[in-house]
Amino acid sequence: MIQETMTMPSVKITDMKKRLGDVLMTISWREFANTYFHKSSSWLYHKLDGIDGNGGKGGFTDGEAEEMRDALYDLSDRIRRAAERI
């Protein structure tokens, strides 16, 4: 008996820039991209804009979105610790 497996197509998050609207202009995305993703700022800006490097549709994969969430949590913890030292 042959068993077929179906895989769901990966859905990319293409509205990350909108989701980050409240802090978008506050964070140095160049440093953020380098520190947390070890990528260039242009790579991150393309991801935030929902495009790939060639101008096509891109965005964050589920794994990248999880990395982004974890990085933002880490940054918020670092900011909180700095505030507590004041």
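Report, by residue number, each residue of the range 40-54 that is within 17 Å of SER28 (Cβ to Cβ) and not in a helix (DSSP H, G or I). Within the range 40-54, SER40 is the sole residue that qualifies.
Scanning the range 44-66 for residues that are surrounded by 14 or more Cβ atoms within 10 Å (Cβ to Cβ) and closer than 24 Å to ILE79 by Cβ gives LEU44, TYR45, LYS47, LEU48, PHE60, GLU64, ALA65. The listed residues are THR5, THR14, and the only one of them that is at pLDDT 85 or above and either surrounded by 13 or more Cβ atoms within 10 Å (Cβ to Cβ) or not small (Gly, Ala, Ser) (or both) turns out to be THR14.
Every test in (1) modelled with pLDDT of 90 or more; (2) outside any helix (DSSP H, G or I) is passed by ILE27 save one, and that test is (1).
The values are calculated or read from the model by the stated rules, or taken from the named source; none is laboratory data. Bear in mind that the values here come from a model prediction, so they are computed numbers and not experimental data. Please note: Cβ atoms are built from the backbone with ideal geometry, for glycine as well, and neighbour counts cover all protein chains shown.
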